[in-house]
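Engineer: Quick one: structure below, then a few questions.
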Amino acid sequence: MKQQRPATARAVTDGMKLHRHSVQRSDRVRTIITLRPGTRARFSTNRFHDTWHVLSDDHGAQLLARLLWGLSYQARPGTVVLIDRSFLTPNPFDADPADPIVIVPGWCTKFDDHAARHMQSRLPLRQPDGTVRWHTFGLDRALEPEASESYWDRRRFRKDKGRISRRSGLLVLTPHTPDEARDWALQAAGLDPSGGWGSDYTYLGDWDYGYEGEVQIFRRFRQMVSVASTARAQVLDGPNPPTDPDALRPAVWHRAEHVRGDAHLRVRESGSGGYQLGEAAAAKLAHADVSNLEDLATVGPAEAYRRMRAAGVPGLDREMLWAMEGALTYRDRRNVSAARRKELLAELGDEPPRPPATRRAGRGPAQSGPYRRDQRVGRRA
């Protein structure tokens, strides 16, 4: 099958090329639109807090927006969009496998359990019957600040009726009207994971003591998938691995902290006798004569950090300082305010000078290591 050119695979623009598959012997779905091989975007799915999630990065969100916007102008019954298995990854939390994603225009196409079973039996789809140009006229204009404000002002009193459900192993997104499909498109396109948490999200569907669906994106989506996959493999390769998925997932979450190297940032955790120091944090804080949360409260985050720094504790950085403050104030370290961080740094005082780099005879200047532009991480629980 012909592969896309690299530049085309990365492009998410009006008129992008998609594949068309004709479906025989089905009274529900007649045409399935899929991504072309070489498409860069990757997606995952999971269910958390009774909500179905579509997970990706910023690039995936822009592609999802194009798919929804273009489908909103679909008037021919029986056409759906499928994000098939080759564009799916394990989810970035515990590496559970993802479900194929189907986008159904609810205003003109019925997609029931029979249609879902029929589609699932055909997956993965093979040779397409042709290529289509997917037009998204008006999306770029609608994303401009003034036009976006006007659009949402007109849609302020809308009543969402779209559904997000799982049918026969498929995650099905069904906007009820063309306007709702465009709403979902603009919501996805407007996501921005550049904030301090490194993620952003938007809900899909109507509120009914919770939302049925959510699109969530992460700045470091692929790295998170890699970490979760490594952690899951290590748990399953270890002694007595959990067989119950509800026990396996927390084990993977815990192991992932060690794979990332940030297990010590879990300063406070719940134990059988109440809250206590996390195991990795306790190992570092032992160098500061801190053995429990009460000791940490007495000593204070700045003094505990100063003691660990003086003891030469490896892997120590300011994230540990924010984590200790968060543990004492019952908040995530990323929610410690800028003002409080400034106070903690003032209490901490200046960093001691580092010893100069040494040179070996016959070698060039000592190097501090390769420079990486993006060291940011983020995750929303």
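Engineer: Quick one: Karplus J couplings for the stretch 169-180, per residue in order, coefficients 6.51, -1.76, 1.60, θ = phi - 60°, nearest Hz, x for Gly and Pro?
Structural biologist: My calculation for the stretch 169-180 gives x, 10, 8, 10, 9, 10, x, 7, 9, x, 4, 5 Hz in order.
Engineer: With a 1.4 Å probe and all protein chains left in place, how much of the accessible area of the chain comes from carbon and sulfur atoms, in whole percent?
Structural biologist: 48
Engineer: Kindly give the semi-axes, whole Å and largest first, of the ellipsoid equivalent to the stretch 160-223, taking each as the square root of 5 times a Cα gyration tensor eigenvalue. Each step should come with its number before you reach the end.
Structural biologist: Numbers: eigenvalues 102, 42, 25 Å².
Whole-Å semi-axes of the equivalent ellipsoid: 23, 15, 11.
Engineer: Hey, another quick one. Quick one: give the max-minus-min coordinate of the C-alpha atoms of the stretch 30-136 along each principal axis, largest first, in Å.
Structural biologist: Result for the stretch 30-136: principal-axis Cα extents of 39, 29, 27 Å.
Engineer: If each DSSP helix of 4+ residues adds -39,500 (n - 2.57) and the sum is divided by the residues in the chain, what number results at 222 nm, nearest 500 deg cm²/dmol?
Structural biologist: After summing the helix terms and dividing by residue count, I get -10500 deg cm²/dmol.
Engineer: Could you give the distance between the Cα centres of the stretch 71-127 and the stretch 272-300, to the whole Å?
Structural biologist: One Cα centre to the other: 49 Å.
Engineer: Given a Förster distance of 51 Å, report the FRET efficiency between GLU279 and ASP192 from their Cβ-Cβ distance, rounded to the nearest 0.05. Let's see the in-between values first.
Structural biologist: On the way: r = 35 Å, r/R0 = 0.69.
Computed FRET efficiency for GLU279 and ASP192 comes out at 0.90.
Engineer: Also: Give the peptides 143-149, 77-83 in descending order of average Cβ contacts within 10 Å, highest first.
Structural biologist: Descending packing order for the listed peptides: 77-83, 143-149.
Engineer: Computed on alpha carbon atoms, what radius of gyration and Dmax characterise the stretch 141-267, expressed in Å?
Structural biologist: Rg and Dmax of the stretch 141-267, Cα atoms, are 19.3, 59 Å.
Engineer: Would you work out which of LEU191, LEU321, LEU64 lies farthest towards the positive end of the dipole of the chain? Charges go on Cβ: Lys and Arg +1, Asp and Glu -1.
Structural biologist: Value: LEU64.
Engineer: May I pose another question? Counting heavy atoms of the protein chains only and a 1.4 Å probe, report the per residue accessible area for the stretch 96-220 as a whole number of Å².
Structural biologist: 51
Engineer: Still on this structure, I have one more. Give the Kirkwood hydrodynamic radius (Å, one decimal) of the stretch 241-334, defined as one over the mean of 1/r across all pairs of different Cα atoms.
Structural biologist: It works out to 13.8 Å.
Engineer: With all pairs of different alpha carbon atoms counted, what Kirkwood hydrodynamic radius in Å does the stretch 66-117 show?
Structural biologist: Every distinct Cα pair counted, the radius reaches 12.6 Å.
Engineer: I'm checking a number: the convex hull volume of the Cα atoms of the chain, normalised per residue, in Å³. What is it?
Structural biologist: On the way: hull volume 82.4 nm³, N = 381.
In the chain, the Cα convex hull volume per residue is 216 Å³.
Engineer: Could you please tell me the mean projected area of the C-alpha convex hull for the stretch 81-191, averaged over all directions and given in square nanometres to one decimal? Let's see the in-between values first.
Structural biologist: On the way: hull surface 35.5 nm².
Directional mean of the projected Cα hull area for the stretch 81-191 stands at 8.9 nm².
Engineer: Straight-line reach from LYS284: which lysines have Cα under 24 Å away, leaving out those fewer than 8 places along the same chain?
Structural biologist: LYS342
The values are calculated or read from the model by the stated rules, or taken from the named source; none is laboratory data. Given the structure is predicted, the values throughout are model-derived calculations rather than measurements. Reconstructed Cβ throughout: ideal geometry from the backbone, glycine too, with neighbour counts over all protein chains shown. Calculation scope for accessible area: heavy atoms of the full protein, side chains included, ligands and nucleic acids excluded. Shrake-Rupley method; radii C 1.70, N 1.55, O 1.52, S 1.80 Å.
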